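Structure record follows, encoded as structure tokens.
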Amino acid sequence: MRKETRGPDGRLVMLEAEPASSDDERLARHAGLVLVREVLQLRRALPADPPPPLALRPFRSGVDDQAFLDVNNRAFHWHPDQSGWTVDDLRRHEAEPWFDADGFLLHERDGRLVGFCWTKVHPATDEDPAMGEIYVIATDPDVEGQGLGRALTLAGLAHLAARGLEVGMLHVEGSNTRARHLYERLGFTEHSAHRWWAPEGTPPPVA
Ligand SMILES: CC(C)(COP(=O)(O)OP(=O)(O)OC[C@H]1O[C@@H](n2cnc3c(N)ncnc32)[C@H](O)[C@@H]1OP(=O)(O)O)[C@@H](O)C(=O)NCCC(=O)NCCS
């Protein structure tokens, strides 16, 4: 996919490409545009290492909504697509044909939600094998850096491997150095990138 947005004078003002190539990069640079957002797709073979012991249970619609939204919106307050979610955003996702509460794993401490790993199964297509995605994952900022993100990622991958999936996949902002470090340590490597170029100072566009 490649989308060019041009101004009234025909000049390129935004270029979006997925998967982005070096030709896209050259075209953007030639037009004086800079990279304003990059979402990397990472993959790794499954199964991964077994997760450490961690109490998990599936998401319950109508019961866990607000607890999920609180952690999600605190953890992703900076994110172009994942911040400021409302119950309507959640309902829209729950109505998707791929939604499966059994693959939406929650971890609580002292009765309070502190992290979740929401997975998504992609059937095989002409271009890609069947893949299990770590769709959205977050830990509450109060408990970050305690190993929970790593444990939740491994638990999500184990859930997907148990479904027979042999490829694990996820998307991560190029600028999210903490998450990228975590995924690289777990054996994920870059498969492709979705990139946007625009005039310097343009806020990251919504995907
Ligand atoms: C990314 C995220 C899930 C990681 O969860 P976490 O519980 O903090 O991660 P862990 O404690 O398991 O740490 C994983 C690695 O990150 C490192 N790390 C943790 N906190 C860090 C910090 N503040 N600065 C730098 N590195 C940090 C840890 O050292 C560890 O690396 P190591 O294995 O080399 O020791 C969490 O920070 C988060 O929810 N971020 C906001 C939402 C987000 O970005 N989600 C991912 C979207 S793709």
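When you scan the range 63-82, how many residues do you find that are within 16 Å of Phe116 (Cα to Cα), more than 10 Å from the ligand (Cβ to nearest atom) and either outside any helix (DSSP H, G or I) or not charged (D, E, K, R) (or both)? Here the count works out to 7.
Would it be correct to say that Val39 is surrounded by 12 or more Cβ atoms within 10 Å (Cβ to Cβ), out of contact with any Ser or Thr (no Cβ under 9 Å at 6 or more places or on another chain) and touching a residue at least 60 places away in the same chain (Cβ under 8 Å)? Explain how you work it out, then say what you get.
Numbers: surrounded by 12 or more Cβ atoms within 10 Å (Cβ to Cβ): yes; out of contact with any Ser or Thr (no Cβ under 9 Å at 6 or more places or on another chain): yes; touching a residue at least 60 places away in the same chain (Cβ under 8 Å): yes.
Considered against the rule, which asks whether it is surrounded by 12 or more Cβ atoms within 10 Å (Cβ to Cβ), out of contact with any Ser or Thr (no Cβ under 9 Å at 6 or more places or on another chain) and touching a residue at least 60 places away in the same chain (Cβ under 8 Å), Val39 comes out as yes.
Screening the candidates Pro80, Pro51 for the property of being surrounded by 13 or more Cβ atoms within 10 Å (Cβ to Cβ), within 23 Å of Leu182 (Cα to Cα), in contact with a Lys or Arg (Cβ under 9 Å, 6 or more places away or on another chain) and modelled with pLDDT under 95 yields one hit, Pro80.
Every condition in (1) crowded, with 16+ Cβ neighbours inside 10 Å; (2) part of a helix (DSSP H, G or I) holds for Asp89 except the one numbered (1).
Of all residues in the range 126-144, those satisfying the criterion of being within 15 Å of the ligand (Cβ to nearest atom) and loosely packed, with under 13 Cβ neighbours inside 10 Å are Pro141, Asp142. With the condition kept exactly as written, say whether any residue in the range 158-165 is touching a residue at least 12 places away in the same chain (Cβ under 8 Å), in a helix (DSSP H, G or I) and within 12 Å of the ligand (Cβ to nearest atom). There is no residue in the range 158-165 that is touching a residue at least 12 places away in the same chain (Cβ under 8 Å), in a helix (DSSP H, G or I) and within 12 Å of the ligand (Cβ to nearest atom). Here Arg180 passes the criteria (1) within 9 Å of the ligand (Cβ to nearest atom); (2) surrounded by fewer than 16 Cβ atoms within 10 Å (Cβ to Cβ) except the one numbered (2). Considering Leu148, Leu106, Leu113, the condition of being within 16 Å of the ligand (Cβ to nearest atom) and in contact with a Cys (Cβ under 9 Å, 6 or more places away or on another chain) is satisfied by Leu106 alone. Reported count of residues in the range 166-177, each being in contact with a Phe, Trp or Tyr (Cβ under 9 Å, 6 or more places away or on another chain) and away from the ligand (no atom under 12 Å from the Cβ), is 1.
The values are calculated or read from the model by the stated rules, or taken from the named source; none is laboratory data. Computed from a predicted structure; not experimentally measured. Ideal geometry is used to build each Cβ from the backbone, glycine not excepted, and the neighbour counts take in all protein chains shown.
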